[in-house]
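Here the structure is laid out as structure tokens; the discussion comes afterwards.
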Amino acid sequence: FVKTNKQKIMKKTVLSLISIAALSTVLISSCKKKDKEEDITEPEVNQVCDGNGSASYYPLAVGNSRVYAFTFGTVVDITMAVIDTKVIGGKTYFAQVTSGFIGTDTSYYREDPTTHDVYEIDGTETLMVPGNPVVGQVLPSDAGTTSKVTNLNASYSTATCSYTGLLEVTDYDASTSKVVNTAYYKKGLGLVGAFDDNGFDLKLKAATLK
């Protein structure tokens, strides 16, 4: 009887231990699963490389800002920040302040919500960046130069990003056809870089976009 009773007790104990072990395994597994689920986070969007996903070659919103490394003999940071809106001629424009080189300068831009064309106004309104560019398309330019869309799938690299699928706009001397300036735009981000024949170089290094 004693032996049988001990066997029963032992068997019961073993079964209890097995149950506890099984329960512990379930709990640990559940905790690990929960921890794993809690550890899952959405990947951080790298706006300076990827932009905000919009269809615009120059996204405009109050709070948007871009910081560029400007090289012209020396290197300085230039910030272009959209700080406000202003109604001009019955149309709403975004006020973009450029600072960090010599004082500050304010420019006014608007985007057509249908075509995504981006316009600048300075006395008169002119097209700055087309929303649906075509290679060979002639754009408004300064006196003495001709501006054209020259590539819709250009590549350009900075210290931060390697860009592809860019809009390339090239300015030529109207009399000699010499290239005087080249600029690159990325959809959902804006101007990512530019350089001219005088040695200036502009490269995007940071961006905050809504």
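If you go through region 138-178 and pick out every residue that is under 14 Å from Ala194 (Cβ atoms), of a type outside the set (Val, Ile, Thr) and touching a helix residue (DSSP H, G or I) at 6+ places or on another chain (Cβ under 9 Å), you end up with 1. Where strands (runs of 3 or more DSSP E) fall entirely within region 142-210, those with at least 2 residues that are hydroxyl-bearing (Ser, Thr, Tyr) and without any contact (Cβ under 8 Å) to a residue 40 or more places away in the chain are at 145-157, 162-173, 179-186.
Just to be sure before I move on: is Pro140 closer than 28 Å to Lys86 by Cβ, out of contact with any Ser or Thr (no Cβ under 8 Å at 6 or more places or on another chain) and not small (Gly, Ala, Ser) in the structure I sent? Give the derivation first.
Numbers: closer than 28 Å to Lys86 by Cβ: yes; out of contact with any Ser or Thr (no Cβ under 8 Å at 6 or more places or on another chain): no; not small (Gly, Ala, Ser): yes.
When the stated conditions are applied, Pro140 does not pass them.
Using the structure shown, decide if Leu127 is under 26 Å from the mean Cα position of the chain (by Cα) and open to solvent by 60 Å² or more (accessible area, probe 1.4 Å). Considered against the rule, which asks whether it is under 26 Å from the mean Cα position of the chain (by Cα) and open to solvent by 60 Å² or more (accessible area, probe 1.4 Å), Leu127 comes out as no.
Just to be sure before I move on: is Thr71 within 20 Å of Phe200 (Cα to Cα), touching a residue at least 40 places away in the same chain (Cβ under 8 Å) and of a type in the set (S, T, N, Q) in the structure I sent? Here the answer is yes, as Thr71 does meet what is asked. I'd like the full set of residues that are loosely packed, with under 12 Cβ neighbours inside 10 Å and within 16 Å of Met80 (Cβ to Cβ), limited to region 102-121. Once the filter is applied, which keeps residues that are loosely packed, with under 12 Cβ neighbours inside 10 Å and within 16 Å of Met80 (Cβ to Cβ), region 102-121 yields Ile102, Gly103, Thr104, Asp105. For Val87, indicate whether it is closer than 24 Å to Lys186 by Cβ and either in a strand (DSSP E or B) or without any contact (Cβ under 8 Å) to a residue 60 or more places away in the chain (or both). For Val87, the condition - closer than 24 Å to Lys186 by Cβ and either in a strand (DSSP E or B) or without any contact (Cβ under 8 Å) to a residue 60 or more places away in the chain (or both) - is not met. Each residue in region 179-210 was checked for being in contact with a helix residue (DSSP H, G or I) (Cβ under 9 Å, 6 or more places away or on another chain), small (Gly, Ala, Ser) and surrounded by fewer than 19 Cβ atoms within 10 Å (Cβ to Cβ), and 2 pass.
The values are calculated or read from the model by the stated rules, or taken from the named source; none is laboratory data. Just so it is clear, the model here is predicted, and its values are computed rather than measured. A quick note on method: Cβ atoms are made from the backbone with ideal geometry, for glycine too, and the neighbour counts reach across all protein chains shown. Remember, those area values only see protein heavy atoms, side chains included, never the ligands or the DNA or RNA. Shrake-Rupley method; radii C 1.70, N 1.55, O 1.52, S 1.80 Å.
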